[in-house]
Amino acid sequence: MHSTATPATPATSATPAATAVTATHCPYCALQCGMGLTAGSDGGVEVVERAAFPVNKGALCGKGRTAPALLSSRVRLTEPLVRSHATGKLTPATWEEALDRIADELSRARAEHGADACGVFGGGGLTNEKAYALGKFARVALGTSQIDYNGRFCMSSAAAAGQRAFGLDRGLPFPLADIPRTGCVILVGSNLAETMPPALRYLTELRENGGTLIVVDPRRTRTAEQADLHLAPRPGTDLALALGLLHLVVAGGRTDEAFIEERTAGWEEARAAAMAHWPELVERITGVPVPQLRETVRMFCDAEASMVLTARGPEQQSKGTDTVGAWINLCLATGRAGRPLSGYGCLTGQGNGQGGREHGQKADQLPGYRKLTDPAARAHVAEVWGVDPDSLPGPGRSAYELLDALGGDIKTLLLMGSNPVVSAPRAAHVEERLRSLDFLAVADVVLSETAELADVVLPVTQWAEETGTVTNLEGRVLLRRRAVSAPDGVRSDLEVLHGLAERLGHGKKFPTDPQEVFEELRRASAGGAADYSGISYERLREGEGEGVFWPCPRGEEGEGSAEGVRGARAVHPGTPRLFLDRFATEDGRARFVPVAHRAAAEEPDAEYPVLLTTGRVLAQYQSGAQTRRVEELNAAAPGPFVEIHPRLAARLGIAEGEAVAVVSRRGRAVAPARVTTAIRSDTVFMPFHWAGEGRANSLTHPALDPVSRMPEFKVCAVRLEPVESPSGTEAAAPTDKAEAGAPTGAARAAGGPGLSGQG
Ligand SMILES: Nc1nc2c(c(=O)[nH]1)N[C@H]1C(S)=C(S)[C@@H](COP(=O)(O)OP(=O)(O)OC[C@H]3O[C@@H](n4cnc5c(=O)[nH]c(N)nc54)[C@H](O)[C@@H]3O)O[C@H]1N2
Ligand SMILES: Nc1nc2c(c(=O)[nH]1)N[C@H]1C(S)=C(S)[C@@H](COP(=O)(O)OP(=O)(O)OC[C@H]3O[C@@H](n4cnc5c(=O)[nH]c(N)nc54)[C@H](O)[C@@H]3O)O[C@H]1N2
Ligand code: SF4
Ligand SMILES: [Mo]
């Protein structure tokens, strides 16, 4: 239980305040664990178990459990900040001043340089309503094509591969509850035990039911420790690995010819491409011994049903789309897709990583997962928006390309729900681009490293203070309910967009009530791939709030309302399982993609002889903007580190705990060495949650996948150098337990004392 000073207020006036528990969801990852919020004994907010919610059955990780700490006004922003022309410092301002300033700057950039001089950057943590409103704001209020979001850094390769093969991208095509009932799971580059701990239960149950688990990860993670078989490939070689497995499937006569014939297209070319990847070659490329390859094929094909699940390991590569395509080919060739308890799925990452990519904040998309280049889609959405289809801009740049263009033809940026100074690849360059802007506006809950660079910072409400929908990694649309009132001085993202739109002459088109926005989203998504038109807030409140799986078109009786569900069978039930009858392509067949292995954009050489890969730890979330402000989480994961094998450490004379400099062609990072046999000896690992000296993204390579435009976060070449004197400690963000009266907002922005509030 964790409490804060924010008083709990009832979610609806109908609920008595004293004992009210508001059923809601965690602010962090894509599992979207159900939790209850109630008033704590000390007047703060307490998290209580919501055992009936099916996804996590009451279980939470430490991040979810401690999330109320962020509601405390000690760690968050509670007043707008505007950079003073006189002092150059961020200074408290009124909302009117802040919004006027942003609107003026946006109008000026547009008048001087055209609408595309205004950039917009969103986030996969934003609710569906916010993501929808942000995309509409860019296209309607600004008229800019230059919008994208951090989901591009997340699961865009899997999304692109899913589109290509199945004609549809939904992270998991089946509920998590199917996992324990299949026979074999190959989990590729997911450290579920640390990134979605309550979901580990599904893998444990799989094994208890006699199923087998194969984990593919260059590190022996907590997840890999659960596996029956752990393959530890060299980072960046999953494509070769998947092709090698397919080669063995073919050579061993284990293809499902009837399935290939009836439900797929393109097998001959894919087969030929796989046959070029014979086992010994694949062993040479990946470092995975041939007997392990054979054992993998045996376990996968012996099971009556099996699944391949990927996460960021194989996806965050400059060949992520083809890599996921190769794993999908393996599923298709063995008939492990579009059948009960079998299939390929991607474990989406952010709280609304799934919904965030469906409703229009992506550079090339309109709501309902429609294409911005499709005339019919443009006409439909333009009608809902009440604008001329010709007024809608075309597709813009992908996230990294957009960040790279800042200060060039993009003069101003409005950023909502991301902290790219820490999380973008080649971060020093991105930071420099942000600084080169004429104007930067950031809406955030806290003063993130990116907000610190802004000309205007807007303090916004967060999860427990607002209502909205999110779509979890299963494609399950859920209602997050408001449980507490926000502190004075804070407004919602929807209010921010309304306030700006009003100043730009489009206020009426941007309602501030989330339910009203959702009603519009339903209409905009109707008939699209991600059709939400049959889903309503009423329906999401029903039962245990277990949600509705999209696609969920509007039933003939019209309403997706409570009454409709009971009264008319015309109400669509939602779609927990996709592709069982047909794939979402025009002819209903899945597409094999002929792919061949290729090297990473940057392979080790004499100068940079070691591979760097990056990822996460249990107690910190993403750029750490939120979790580094929670004392309990900082205690569990206080700072960055470099995971290094004892052999490599010995060769370089690096001892456990000693500061080590990791140097790439992009920059340098310093962190203590963590010597462990759980990693390959040609590879080091750094988590990316910290800013400053230990920032992993100072090193990473911005090479992009040609299809998904995903950067290569998981592979680059580095060299290691011992550091003479121990490195300085990070300036910690103020935490929830910082001394009372620690400066917030302006004082911190102005570099006031009290920054090291950890303690
Ligand atoms: N604690 C915590 N949980 C989170 C998050 C967080 O920041 N912290 N973020 C959320 C989000 S947005 C996301 S996207 C998910 C991410 O969830 P995961 O994908 O599980 O997280 P990562 O740690 O990025 O990467 C997973 C594993 O990929 C391995 N890996 C590295 N390189 C390669 C490679 O070349 N091939 C293969 N096969 N594996 C490789 C790493 O060793 C790592 O163990 O987590 C979500 N949950
Ligand atoms: N090296 C390396 N880099 C990576 C990755 C990796 O594996 N390795 N993974 C990548 C992945 S998968 C991801 S998803 C990205 C994520 O990286 P970021 O995009 O930086 O994600 P967060 O740290 O979650 O940033 C969210 C910001 O929005 C704020 N925020 C939270 N909720 C709201 C809201 O409702 N409204 C507004 N306005 N603000 C809000 C938070 O306080 C925070 O400052 O990082 C990527 N970067
Ligand atoms: S697993 Fe994800 S959704 Fe569940 S409590 Fe942890 S961070 Fe929140
Ligand atoms: Mo992510």
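The values are calculated or read from the model by the stated rules, or taken from the named source; none is laboratory data. Bear in mind the structure is a predicted one, so any value in this text is a computation, not a measurement. Neighbour counts are summed over all protein chains in view; Cβ atoms, including those assigned to glycine, are modelled from backbone coordinates with ideal geometry.
Give, as residue ranges, the helices (runs of 4 or more DSSP H) completely inside region 386-452 that count at least 2 residues that are within 16 Å of ligand 4 (Cβ to nearest atom). Talk me through it step by step, then tell me what you get.
On the way: elements: 399-404, 420-423, 427-435.
Qualifying helices (runs of 4 or more DSSP H): 399-404, 420-423.
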Pick from ALA138, ALA160: which is surrounded by fewer than 24 Cβ atoms within 10 Å (Cβ to Cβ) and either more than 16 Å from ligand 3 (Cβ to nearest atom) or not aromatic (Phe, Trp, Tyr) (or both)? ALA160
Being away from ligand 2 (no atom under 16 Å from the Cβ) and either in the same structural domain as GLY62 (by TED's automatic domain parsing) or not acidic (Asp, Glu) (or both) narrows ALA158, ALA177 down to just ALA177
Options GLY588, GLY657, GLY624; residue that is in contact with a His (Cβ under 9 Å, 6 or more places away or on another chain) and either on the phi > 0 side of the Ramachandran plot or outside any strand (DSSP E or B) (or both): GLY624
Taking region 477-498 and the residues there that are surrounded by fewer than 24 Cβ atoms within 10 Å (Cβ to Cβ) and among the charged types (D, E, K, R), the one that is nearest to THR575 (Cα to Cα) would be ARG481
Checklist (1) within 15 Å of ligand 3 (Cβ to nearest atom); (2) part of a strand (DSSP E or B); (3) in contact with a helix residue (DSSP H, G or I) (Cβ under 7 Å, 6 or more places away or on another chain) applied to VAL55, failing item: (2)
Any chance VAL470 is assigned by TED's automatic domain parsing to the domain that holds ASP116 and within 30 Å of ARG668 (Cβ to Cβ): no
Residue identified as under 30 Å from LYS411 (Cα atoms), in contact (Cβ under 8 Å) with a residue 12 or more places away in the chain, of a type in the set (D, E, K, R) and within 16 Å of ligand 2 (Cβ to nearest atom) among ARG152, ARG139, ARG219: ARG152
Pull up region 187-205, narrow it to residues that are within 16 Å of ligand 2 (Cβ to nearest atom) and among the β-branched types (Val, Ile, Thr), then point me to the one that is surrounded by the most Cβ atoms within 10 Å (Cβ to Cβ). VAL188
For a quick check of your reading of the model, give me the residue pairs whose first member lies in region 607-633 and is within 13 Å of ligand 3 (Cβ to nearest atom), whose second is in a helix (DSSP H, G or I) and of a type in the set (Gly, Ala, Ser), with beta-carbon atoms closer than 7 Å and at least 6 apart or on different chains. ALA619/GLY62; ALA619/ALA636; GLN622/SER423; VAL630/ALA69; LEU633/GLY62
The number of residues in region 32-49 that are within 15 Å of ligand 3 (Cβ to nearest atom), part of a loop (DSSP other than H, G, I, E, B) and farther than 20 Å from ASN352 by Cα is 1
In region 35-64, how many are within 16 Å of ligand 1 (Cβ to nearest atom) and of a type in the set (D, E, K, R)? 1
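So is ALA530 touching a residue at least 40 places away in the same chain (Cβ under 8 Å) and in a helix (DSSP H, G or I) or not?
Working: touching a residue at least 40 places away in the same chain (Cβ under 8 Å): yes; in a helix (DSSP H, G or I): no.
Here the answer is no, as ALA530 does not meet what is asked.
Residue by residue through region 207-266, note down the ones that are among the charged types (D, E, K, R) and closer than 24 Å to ASP322 by Cα.
Restricting attention to region 207-266, the residues satisfying the condition of being among the charged types (D, E, K, R) are 207-208, 217, 219-220, 222, 225, 228, 234, 238, 254, 256-257, 261-263.
Those that are among the charged types (D, E, K, R) and closer than 24 Å to ASP322 by Cα: ASP217, ARG219, ARG234, ASP238, ARG254, ASP256, GLU257, GLU261, GLU262, ARG263.
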Criterion: modelled with pLDDT of 95 or more and either on the phi > 0 side of the Ramachandran plot or surrounded by fewer than 24 Cβ atoms within 10 Å (Cβ to Cβ) (or both) - qualifying residue of ASP169, ASP116: ASP116
When both residues are 6+ apart or on different chains and their Cβ atoms are under 6 Å apart, which pairs have a first residue that lies in region 224-235 and is under 25 Å from LEU281 (Cα atoms), and a second that is small (Gly, Ala, Ser) and outside any loop (DSSP other than H, G, I, E, B)? HIS230/ALA224
Every residue in region 85-109 that is out of contact with any Leu (no Cβ under 7 Å at 6 or more places or on another chain) and buried (at least 17 other Cβ atoms within 10 Å of the Cβ), please. TRP95, ASP100, ARG101, GLU105, ALA109
Say whether the condition of being assigned by TED's automatic domain parsing to the domain that holds THR471, surrounded by fewer than 24 Cβ atoms within 10 Å (Cβ to Cβ), of a type in the set (Lys, Arg) and away from ligand 4 (no atom under 16 Å from the Cβ) is met by at least one residue in region 335-348. no
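Go through the residues of region 493-506 one by one and say whether even a single one is assigned by TED's automatic domain parsing to the domain that holds LEU126, of a type in the set (Gly, Ala, Ser) and not in a helix (DSSP H, G or I). Talk me through it step by step, then tell me what you get.
Keep residues of region 493-506 that are assigned by TED's automatic domain parsing to the domain that holds LEU126, which gives 493-506.
Those left that are additionally of a type in the set (Gly, Ala, Ser): 499, 501, 505.
Next, only the ones that are not in a helix (DSSP H, G or I) stay: 505.
Within region 493-506, one or more residues are assigned by TED's automatic domain parsing to the domain that holds LEU126, of a type in the set (Gly, Ala, Ser) and not in a helix (DSSP H, G or I).
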Looking only at region 697-737, filter to residues that are away from ligand 2 (no atom under 16 Å from the Cβ) and among the basic types (Lys, Arg); which one of those is modelled with the lowest pLDDT? LYS737
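Please find, among THR212, THR223, the residue that is of a type in the set (Val, Ile, Thr), outside the structural domain of PHE713 (by TED's automatic domain parsing), closer than 21 Å to LEU192 by Cβ and more than 25 Å from the chain's Cα centre (by Cα). Break it down into steps so the answer makes sense when it comes.
Numbers: THR223 fails: more than 25 Å from the chain's Cα centre (by Cα).
Answer to the check: THR212.
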Scanning region 23-49 residue by residue, those more than 22 Å from the chain's Cα centre (by Cα), at pLDDT 95 or above and either within 16 Å of ligand 4 (Cβ to nearest atom) or surrounded by 24 or more Cβ atoms within 10 Å (Cβ to Cβ) (or both) turn out to be LEU37
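Here's a check for you: in region 338-360, which residue that is among the polar types (S, T, N, Q) and closer than 18 Å to SER157 by Cβ is farthest from ligand 3 (Cβ to nearest atom)? Give the derivation first.
Kept after step one, since they are among the polar types (S, T, N, Q), are these residues of region 338-360: 342, 348, 350, 352, 354.
Now restrict to residues that are closer than 18 Å to SER157 by Cβ: 348, 350, 354.
Numbers: THR348: 11, GLN350: 10, GLN354: 13 Å.
Per the criteria, the residue is GLN354.
Among the helices (runs of 4 or more DSSP H) lying completely within region 155-254, list those that include at least 1 residues that are more than 12 Å from ligand 1 (Cβ to nearest atom) and out of contact with any strand residue (DSSP E or B) (no Cβ under 9 Å at 6 or more places or on another chain).
On the way: elements: 156-166, 192-195, 200-208, 238-251.
Those helices (runs of 4 or more DSSP H) span 156-166, 200-208, 238-251.
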Where THR512 falls short, out of the listed (1) touching a residue at least 24 places away in the same chain (Cβ under 8 Å); (2) surrounded by fewer than 20 Cβ atoms within 10 Å (Cβ to Cβ); (3) at negative phi; (4) in a loop (DSSP other than H, G, I, E, B): (1)
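Please indicate, with yes or no, whether at least one residue in region 222-232 is touching a Pro at 6+ places or on another chain (Cβ under 8 Å) and not basic (Lys, Arg). Give the steps one after another, and end with the answer.
Going residue by residue through region 222-232, those that are touching a Pro at 6+ places or on another chain (Cβ under 8 Å) are 232.
Retained after the next criterion (residues that are not basic (Lys, Arg)): 232.
Within region 222-232, one or more residues are touching a Pro at 6+ places or on another chain (Cβ under 8 Å) and not basic (Lys, Arg).
Report whether or not ALA673 is in contact (Cβ under 8 Å) with a residue 24 or more places away in the chain and either touching a strand residue (DSSP E or B) at 6+ places or on another chain (Cβ under 7 Å) or assigned by TED's automatic domain parsing to the domain that holds VAL446 (or both).
Numbers: in contact (Cβ under 8 Å) with a residue 24 or more places away in the chain: yes; either touching a strand residue (DSSP E or B) at 6+ places or on another chain (Cβ under 7 Å) or assigned by TED's automatic domain parsing to the domain that holds VAL446 (or both): yes.
When the stated conditions are applied, ALA673 passes them.
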